[in-house]
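See structure below.
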Amino acid sequence: MDMLIKKAGPGKKGNKHIFLITDGESFVKDSAEDETKEEQVDKLAMRLFEHGMKLDAVVVKSKSGFYKSKVRLENESLLKRFARCPQVEVAFVDTATSLLGAIKPRHITPVTLYRGDLELTPNMTVKVWVYKKVAEERLPTLKKYSDKAPSGAPHATHEVKMDIEYKSMEDPDKTVPPDQRTKAYQYGPQLVPISSVVEDALKLKTEKGVKLIGFTDASNVSRHYYMKEANIFIPEPGNSKSILAFSALARAMKQLDKVAIVRCVWRQGQAGVVIGVLTPYIAAEENFPDCFYFNILPFMEDAREFPFKSLDNLPSNMQPSISQQEAADKLVKLFDLAPEDQEERLSPERTLNPVLQRWYQFLHHKHMDAGAEGPPLDDALRTVVEPDQELVTEVEFVIKSFNNQFVLKPIEEKHKRHGEFWKEKEEERKGDDSAMEDVSQISFDSLTARKVSAIGSIQPVQDFEAMLARRDSDEWVPKAIREMKKLIIDLLDSAYKGNTYEKSMSCLSALRKGCVEQGEPLEFNSFLRDLASKCRGKRLNDFWDLVLDRRITLINKEEAPDSDVSEEEALAFISKERAAEVAREPAQEEEIDEMEALLGEVV
Amino acid sequence: MSSFSNYDRDDNLFGDDDDEEQEKDAYLDADVSRELLVYLIDASPEMFSPYRNQNENDVEETYFNAVIKAVTKDMKTRIISRDRDEVAVCFFNTREKRNFQESEGVFVFQASDQPNQDELSQPTARLIKDFSTINDNFDKDIGSRAGVTAGSRENPLYNALWIAQGLLRKGSVKNSSKRILLFTNIDDPFSDADPAFKRDMRRTTIQRARDAQDLGIVIDVFPLAQTGTNFNIGMFYSDMIDMTEEEKDNYVVIASDRLDSMVNQMQKRLFKKRTVRRLTLSLPNGMKLALQSFALFRPATPGSTAWVDSFDNKLLKSERSFLCSDTGALLTEPLLRFQEFKSHKVCFSLKELAEVKRITDIQLQLLGFKPLIYLKDYHNLRPSTFLYPDEERVSGSTTAFISLYKAMLRLKKFGVAFLGSSCRMVALVAQAEISNEFGQVEPPGIHMIYLPYSDDIRHIEKMHGSMESPLSKASDEQIQKAMAMIKKIDLKDFTYANYSNPALQRHYAILEAIALKEDDFELADPKDDTLPPEEQMLKPTIAQSVKAFKDSVYGPNHDLEEEEAAAQKLKGTAAAQKRKAAEDMASYDYDKYDWNELADTGKLKDLTITDLRIYLIKNKLQVTGKKDVIINRILTHLGK
């Protein structure tokens, strides 16, 4: 503190920026003259202001707990008084991470994006200045380096020029000169050539200005609509009317929980307009104006409104149990980066970009030694990337109990050969429509969601699929196949005038599909052969006809390598059946004709 | 990690390439997001009955017309935001027939420049133009006819579904989604059918529709209610598209007074989900949740440009080569990169640069939670990304996700995490589901908001404070006046979806006109939705409250004061007066020199800059620049 007073003393011109890093524990001497410490501070602040100096004071808090010495309390209040000066930033930090973040070596003098009217209505305007509040600080763009210059040449630039040639697609040797080229824009599949004259017509003609569209409830503008880096609207400096109008508007909006929607064109003739939202910010100190933060909102064209399944309507076994929810509540509550009475950790204002930090360090090293390796991440910035071990240790029991509550199991990627899978599906569609109708409408989520452990007769296909999809045990696949077979037989046995055939057929094709996917062709093939002998020429012969009709046959080696039949054999299985059938029962054809006659010729 | 190839593309080594990475990821899924679509439009006489369009001054319009407008708009939207979609337009209940099956009552519409187009195609300017003006020739070329009539066995709806299905045969279900959008205002298409055939017609049509659905085609019905009657979805269509009871109850019939909302509804159903990428959220102590991320908001931009040969309008390809500035030698990639540092060129290999950016291998690391009030309005860098659990990769993710989501909502907190791929801190903000009568407005899940670092934040609030005295703050009365005004200028149902980007709209409108070779393309100027409703703002009730607020904060004589200030300004500010004085001086001193002779003898360079400026000021030329520049300017002006 003493140091500060000396440094900023009179006569030290040209010293534009002072960093003060202190623990704030040193006592400030009273002035020899009859000034209070407060007066000294004010005097200093004035002086800083006059000299255009900047002061960044960072007070590092010791970790000694909540007790603050009297000296420290006094110093803090003095510094806070200091902070009322526009040139002074005072930061209190208690971690090394924040200390780094609080010191800003590179200072950018902000420039206004817009100066002019904020038009509430054509008759009522407020003078505003708009600045960028957030601007992404990027890593520099590096140029390409050429090592072709002879070594030792003192004036070699080592720069690289880029040459672009435009060539005809058909004739790669033909170069098209610049004046023979036209820009073309895409319109659907078409490329529309646009000359530079016409190109201008494509652009929207805009008039500079910021206009209010209206106010609306803050709840109508969700936080995640914000599209870009934020700006800030401040009243024109020195214009007391604007400052007052801002103050009234900001406070009224705050009270009503409203935001303002504005249309902005920052520069005359700018290529587009933006719509944004103004949210009020009430200055904490008396000598700073109230202002607004501005964020760009999306246009209709920018949004993709996908519907997502409601999380509340997911099946109950996906909902957290009471104890799981309690564990999550505890985690969210106690794994806290901003507990009361403590400095907020990882506040964006106090957290350096670890990549930039690392890059500049690397640049420095490389400058000293061309062979330098990339530096490791600064320890103080570890906590940006990884959870703070200190904090994790503190709440370890909460984290552990949360972890214990949930079973997370990675699912291995299925090694399905896609082409085959789809081919199979196609075949199935041709073969059996009604089965696919049921299957196609359940998504994978709902499959895994329902933990089905038996196949019921109400929706057997879904149950079957769901059982196959279960990953928690190896038992489910054989069980599902077993139960499905039984169900098909049961259904057929209970058939009366073919009333269960459709369902049986759906089940059969689902079973076939399942067996292909699960690599159990033999299960299906033996079943189909059994079924054939059970039905053929007996009471269920008409069902068998249906099977042949839909061309449901044995699973061949192409579909599942474990199969015992080749593709030809599989085809032969049904065509042989068919041929035999035609030969055997010529009489049946007549019957079918009669049926058709009954139905009329509508089909 | 990012590959090196994209470094070459824009020379931007670090810039935005994590965005690019995301985009690239998106392309992986882009195939799936192509939509193949048939607009199936009822052209029966009922569709040509008029209704009153209350939104547009009660103009009478036909249902048919409203559908044409909506479909036109839909096609245009596709051009802007989904240019890989392919469409076909098919009318049914028509007098003429045109389709590959020669089925009665079905007419597949084709653009006039592609008469034999019998397939789906990306919408072209011509197709849209011809379609939007179809009314002019509809009666002549296509004609309307009642659908199913007594005594006839023709079933145009059945035929139309068959044709639509045929049109959609191209492309596999795997990498495209197929849809039929059916527009009609007749709830029972078979009401006039011969009782003898009615049941069968109904049955076969339903079967036809179901067959199509089994092939992975989604059928969306847009039922239009005729004035004074209800469209009973249960009559036929709910069976046709196999709705559940719940869906049936929630189905929105577009009432005749709200046909305009049809466009919005189509918009809502337009987009299929697109996974941007799969993410794994790591919790401390090694727990890992699988998530999917979606780009719900990304700025739409005018389509890409390319260079064409101006003789034949054929696409050109570009070839780049790198030359050494010092020697002119041709260089081959990969080259080193350099950064000027303390007037030295410090070189880096691409690998080293990539290494600097790679801080962690963890995709998304949870760091802790904070109360929502700590998320300031300016803590924003880019459009947010939406996260939803991915049960397919890690089972149990959904349950854990829901528990955290609920806890955050209840405790009003957000998660802070580190996103490894872009090296950014992000806020994870839970969003509860919000629905209205049209469906889901906000999907339930977690939005990932990109946070700035201290390097990115500027402290503007304190730049313009006053040192001496506290600034004036609004009094309670002024705040009251402001509140009264705010309540008057209130947008009740504000949603961004009401605002189209005027620049994009204009770009595409003009482009369309040029594509159609219309000469007066300047006429195609779409309405700008974003302009404030000035007429309303001047309405007495609003104007009064604004006036009250204005008088309260500016004082009653504000306008007068402003006028005086403006008048003062006209007389000249200090700077202007100074300039004037300089001009006077200049004309006085001007004659001291013989400028022509000085120029001829090359003696201009002997004068000082101040002297030279006299000439510039007198002749109203630009006065800035170095001495040689100024001399050159004078010589040029003298015509030497």
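The values are calculated or read from the model by the stated rules, or taken from the named source; none is laboratory data. Worth saying up front: this structure is predicted, and the values here are computed from it rather than measured. Every residue, glycine as well, gets a Cβ built from its backbone with ideal geometry; the counts of neighbours run over all protein chains shown.
Things to note:
- Each residue in region A:183-192 was checked for being at pLDDT 80 or above and surrounded by fewer than 19 Cβ atoms within 10 Å (Cβ to Cβ), and 1 of them qualify.
- Residue tally, condition touching a helix residue (DSSP H, G or I) at 6+ places or on another chain (Cβ under 7 Å) and modelled with pLDDT under 80, over region B:315-338: 2
- Scanning region B:374-392 for residues that are at pLDDT below 90 and surrounded by fewer than 19 Cβ atoms within 10 Å (Cβ to Cβ) yields one hit, B:E392.
- Residue ID - surrounded by the fewest Cβ atoms within 10 Å (Cβ to Cβ), chosen from residues in region A:122-132 that are at pLDDT 85 or above, more than 30 Å from B:R358 (Cβ to Cβ) and of a type outside the set (A, V, I, L, M): A:K127
- Of all the residues in region A:230-253, those that are touching an Asp or Glu at 6+ places or on another chain (Cβ under 9 Å) and within 30 Å of B:Y453 (Cβ to Cβ) number 6.
- Flag if B:K178 is modelled with pLDDT of 80 or more, crowded, with 22+ Cβ neighbours inside 10 Å and of a type in the set (D, E, K, R): yes
- Of the helices (runs of 4 or more DSSP H) lying entirely inside region B:494-582, those carrying at least 2 residues that are more than 7 Å from chain A (Cβ to nearest Cβ), surrounded by fewer than 17 Cβ atoms within 10 Å (Cβ to Cβ) and at pLDDT 85 or above are B:540-554.
- Region B:383-395: number of residues that are facing another protein chain (nearest Cβ under 7 Å) and touching a residue at least 40 places away in the same chain (Cβ under 8 Å): 7
- Taken over region B:400-409, the criterion of being under 23 Å from B:I434 (Cβ atoms) and either within 7 Å of chain A (Cβ to nearest Cβ) or aromatic (F, W, Y) (or both) is satisfied by B:F401, B:I402, B:S403, B:L404, B:Y405, B:K406, B:A407, B:M408.
One line per residue, one yes/no per condition, for (1) within 11 Å of another protein chain (Cβ to nearest Cβ); (2) crowded, with 18+ Cβ neighbours inside 10 Å; (3) among the acidic types (D, E):
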{"position": "B:F131", "(1), (2), (3)": "no, yes, no"}
{"position": "B:G147", "(1), (2), (3)": "no, yes, no"}
{"position": "B:P189", "(1), (2), (3)": "no, yes, no"}
{"position": "B:P195", "(1), (2), (3)": "no, no, no"}
{"position": "B:T204", "(1), (2), (3)": "yes, no, no"}
{"position": "B:A212", "(1), (2), (3)": "yes, yes, no"}
{"position": "B:I217", "(1), (2), (3)": "yes, yes, no"}
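- Taking residues in region A:353-380 that are facing chain B (nearest Cβ under 9 Å), and partners anywhere that are among the hydroxyl-bearing types (S, T, Y), the pairs with Cβ atoms closer than 6 Å and at least 6 places apart or on different chains are A:N353/B:Y453.
- Residue match in region A:195-213 (condition: in the same structural domain as A:L118 (by TED's automatic domain parsing), polar (S, T, N, Q), modelled with pLDDT under 85 and out of contact with any strand residue (DSSP E or B) (no Cβ under 7 Å at 6 or more places or on another chain)): yes
- Where a residue in region A:112-139 is without any contact (Cβ under 8 Å) to a residue 40 or more places away in the chain and at the interface with another protein chain (Cβ under 9 Å from one of its Cβ atoms) and its partner, wherever it lies, is surrounded by 21 or more Cβ atoms within 10 Å (Cβ to Cβ) and not in a loop (DSSP other than H, G, I, E, B), with Cβ under 7 Å and at least six apart: A:P122/B:M537; A:N123/B:V546; A:M124/B:V546; A:M124/B:K550
- Residue within region A:522-531 that is on the phi < 0 side of the Ramachandran plot and touching a Pro at 6+ places or on another chain (Cβ under 9 Å) present: yes
- Within region B:535-546, residues that are within 14 Å of B:A484 (Cβ to Cβ) have Cβ atoms under 9 Å from residues that are of a type in the set (S, T, N, Q) and part of a loop (DSSP other than H, G, I, E, B) in these pairs: B:A543/A:N123; B:V546/A:N123, counting only partners at least 6 apart in sequence or on another chain.
- Test: A:Q325 is more than 26 Å from B:R458 (Cβ to Cβ), among the polar types (S, T, N, Q) and outside any loop (DSSP other than H, G, I, E, B): yes
- Of the helices (runs of 4 or more DSSP H) lying entirely inside region A:508-603, those carrying at least 2 residues that are in contact with a Ser or Thr (Cβ under 8 Å, 6 or more places away or on another chain) and modelled with pLDDT under 80 are A:567-584.
- Residues of region B:354-374 that turn out to be more than 7 Å from chain A (Cβ to nearest Cβ) and outside any strand (DSSP E or B), as a count: 7
- Residue satisfying all of: in region A:223-246; among the polar types (S, T, N, Q) and at pLDDT below 90; farthest from B:K481 (Cα to Cα) among these: A:N239
- Taking region B:589-623 as the range and being surrounded by 10 or more Cβ atoms within 10 Å (Cβ to Cβ), within 15 Å of B:R579 (Cα to Cα) and not charged (D, E, K, R) as the test, the residues that pass are B:I614, B:Y615, B:L616, B:I617, B:N619, B:L621, B:V623.
- Leading residue by the ranking (farthest from the other protein chains (Cβ to nearest Cβ)) among those in region A:334-351 that are in contact (Cβ under 8 Å) with a residue 60 or more places away in the chain and out of contact with any helix residue (DSSP H, G or I) (no Cβ under 6 Å at 6 or more places or on another chain): A:D341
- Region A:207-281 holds strands (runs of 3 or more DSSP E) entirely within its bounds, and those carrying 3 or more residues that are over 23 Å from B:N498 (Cα atoms) map to A:231-235.
- Some residue of region A:233-243 being touching a residue at least 12 places away in the same chain (Cβ under 8 Å), at the interface with chain B (Cβ under 7 Å from one of its Cβ atoms) and either surrounded by fewer than 18 Cβ atoms within 10 Å (Cβ to Cβ) or of a type in the set (S, T, Y) (or both): yes
- Test: residue in region A:374-383 that is modelled with pLDDT under 85, under 24 Å from B:K370 (Cα atoms) and touching a strand residue (DSSP E or B) at 6+ places or on another chain (Cβ under 9 Å): yes
For (1) part of a helix (DSSP H, G or I); (2) touching a strand residue (DSSP E or B) at 6+ places or on another chain (Cβ under 9 Å); (3) at pLDDT below 80, each residue gets a yes or a no:
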position: B:D584; (1), (2), (3): yes, no, yes
position: B:Y588; (1), (2), (3): yes, no, yes
position: B:E597; (1), (2), (3): yes, no, no
position: B:K605; (1), (2), (3): yes, no, yes
position: B:D611; (1), (2), (3): yes, no, no
position: B:T624; (1), (2), (3): no, no, yes
position: B:H637; (1), (2), (3): yes, no, no
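- Where A:E159 falls short, out of the listed (1) over 38 Å from the mean Cα position of the chain (by Cα); (2) in contact (Cβ under 8 Å) with a residue 12 or more places away in the chain; (3) buried (at least 19 other Cβ atoms within 10 Å of the Cβ): (3)
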